[in-house]
Amino acid sequence: MKLPLALVFALTLPIIRAQVPHWGPCPEPAVQPAFSLKQFMGRWFEIAKLPAQFEKGRCIETNFTLTTSNSIRVVSSEILKGEMKKIEGIGVVEDIKNPAKLGISYSYVLPYSPYWILSTDYVNSALVYSCTDILRLFHVDFAWILGRTRTLPESTIEKAKEIFANNNIDVSRMIPSRQMGCEKTL
């Protein structure tokens, strides 16, 4: 059964409203060569992001814990309306030959979403990209700059944006994450 294009668009509009949609299929950016899942583990703070409907709070951070050689526990948290909200998921290396391409799911009923590490030095910053194709007509981008601390130098953020742009990822709508006053409220 084929759905008319207008109906498909109407059904997917609420999903993409706060995201960053683009025409055409997802780009295929280069990922971190020789990626070490073990070194990537630990606490990462969200420094900047493309707008995402599922992230509305402040003080967003994610903690990754290795569970097996190719799977991880993912705990993300944010402060929303004065309350700490947490969500737990599972991440897996989808291709052992390319361990920087993870899949993450926060529900056993949902498929794994791409979570690709484009670049990281493991100790200061990481660049993460995810993309969802909608019938290969358009795609919705998600991109994050992560830090091991709640702030990064502006030069690091600018270099990160250049890496995204060099991989055909439009980060012109990237916004800084709110990481101020986090310690006082926790």
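The values are calculated or read from the model by the stated rules, or taken from the named source; none is laboratory data. The structure presented is a predicted model; accordingly, all values stated were derived computationally and were not measured. Here Cβ is always computed from backbone atoms with ideal geometry, including for glycine, and neighbour counts include all displayed protein chains. For the accessible areas, the whole protein counts, side chains as well, though only heavy atoms, and no ligand, DNA or RNA atoms are used. Shrake-Rupley method; radii C 1.70, N 1.55, O 1.52, S 1.80 Å.
Before moving on, here are some points about what is shown:
- Check: the chain dipole with +1 on Lys, Arg Cβ and -1 on Asp, Glu Cβ, in debye: 380
- For segment 30-174, the residue among Y106, S125, A52 whose Cα projects farthest onto the positive side of the dipole built from Cβ charges is Y106.
- Subset of K56/K101; K49/K86; K101/K161; K81/K161; K81/K101; K85/K159 violating a 27 Å alpha-carbon distance limit: K81/K161; K81/K101; K85/K159
- Residue-normalised accessible area of the chain, given per residue in Å² at a 1.4 Å probe: 58
- Shown in residue order for segment 92-105 are the 3J(HN,Hα) couplings computed by the Karplus curve 6.51 cos²θ - 1.76 cosθ + 1.60 at θ = phi - 60°: 9, 7, 7, 9, 4, 6, 9, x, 6, 9, 9, x, 10, 9 Hz (x for Gly and Pro).
- Isotropically averaged projected area of segment 30-174, using the convex hull of Cα atoms (one quarter of hull area), nm²: 9.1
- Pairwise FRET efficiency - E183 versus L110, Cβ, R0 = 30 Å, nearest 0.05: 0.40
- Paramagnetic reach from D95 in segment 147-186 [backbone N under 18 Å; point 7 Å along Cα→Cβ]: 167-168
- Within the accessible area of the chain (1.4 Å probe), percent carbon and sulfur: 59
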